[in-house]
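One structure is given here, and the rest of the page talks about it.
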Amino acid sequence: MATKQYAVIGLGRFGTSIARRLHDAGQEVLGIDINEERVDAAESFVTHAVIADSTEEKALTALGIRNFDCVIVAIGDDMQSSILTVMLLKNLEVKKVIAKALGKRHGQVLEHIGADWIVYPERDMGERVANQLLSPNMLNY
Ligand code: ATP
């Protein structure tokens, strides 16, 4: 598989697991968080980790964000920051923007502003568990 450049914005549990898996698979991963401790903790499992506020256009431009193949916005609780970040990324013409949504309304806004793929972690994981339970290969529970 060809190496691609990914940026993961928000290094909570969700962003961290994406960043770690991509990096383990040999991909280039830039980890971004506003919180210094989270950036320090990420240094061992990403290619580079930087402290930045993704709601600041200048910070995104300085990181050359438009050159990345894919940017994952893993900010959830701070809905305003999540929406603003996705909007800036789309304005900067980032090729592929994936964003985490907390709920339906949040997801609708993200869709409206052009997020290419919206992930609903709890809902999607719930469906996955149910599908596994319904799978014919699954032993009876
Ligand atoms: P998770 O549910 O993935 O564990 P969390 O509960 O830690 O996440 P969230 O509010 O979803 O909390 O934030 C995820 C990460 O995004 C945090 O580490 C937070 O510091 C970071 N973050 C929030 N706002 C910004 C921002 N404007 N720029 C960069 N990082 C941000």
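Just so you know, all these numbers are worked out from the coordinates, no wet-lab data involved. Every value quoted in this text rests on a predicted model; they were computed, and no experiment measured them. Heads up, the Cβs are rebuilt from the backbone with ideal geometry, glycines too, and the neighbour counts pull from every protein chain shown.
Taking the numbered list (1) in a strand (DSSP E or B); (2) surrounded by fewer than 19 Cβ atoms within 10 Å (Cβ to Cβ); (3) of a type outside the set (Ser, Thr, Tyr); (4) touching a residue at least 24 places away in the same chain (Cβ under 8 Å) in turn, VAL50 passes all entries but (4). Residue-level analysis places GLU93 among those that are outside any helix (DSSP H, G or I), more than 9 Å from the ligand (Cβ to nearest atom) and more than 13 Å from the chain's Cα centre (by Cα). Got at least one residue in the range 41-63 being within 24 Å of ALA101 (Cβ to Cβ) and either more than 14 Å from the ligand (Cβ to nearest atom) or among the aromatic types (Phe, Trp, Tyr) (or both)? Checking the range 41-63: not a single residue is within 24 Å of ALA101 (Cβ to Cβ) and either more than 14 Å from the ligand (Cβ to nearest atom) or among the aromatic types (Phe, Trp, Tyr) (or both). For the range 61-80, a tally of residues being part of a helix (DSSP H, G or I) and in contact with a strand residue (DSSP E or B) (Cβ under 9 Å, 6 or more places away or on another chain) returns 2.
Considering the range 100-124, and only residues there that are within 16 Å of the chain's Cα centre (by Cα) and in a helix (DSSP H, G or I), the residue that is nearest to ASP77 (Cα to Cα) turns out to be HIS106.
The set of residues from the range 8-23 being without any contact (Cβ under 8 Å) to a residue 12 or more places away in the chain and either buried (at least 20 other Cβ atoms within 10 Å of the Cβ) or more than 6 Å from the ligand (Cβ to nearest atom) (or both) comprises SER17, ARG21.
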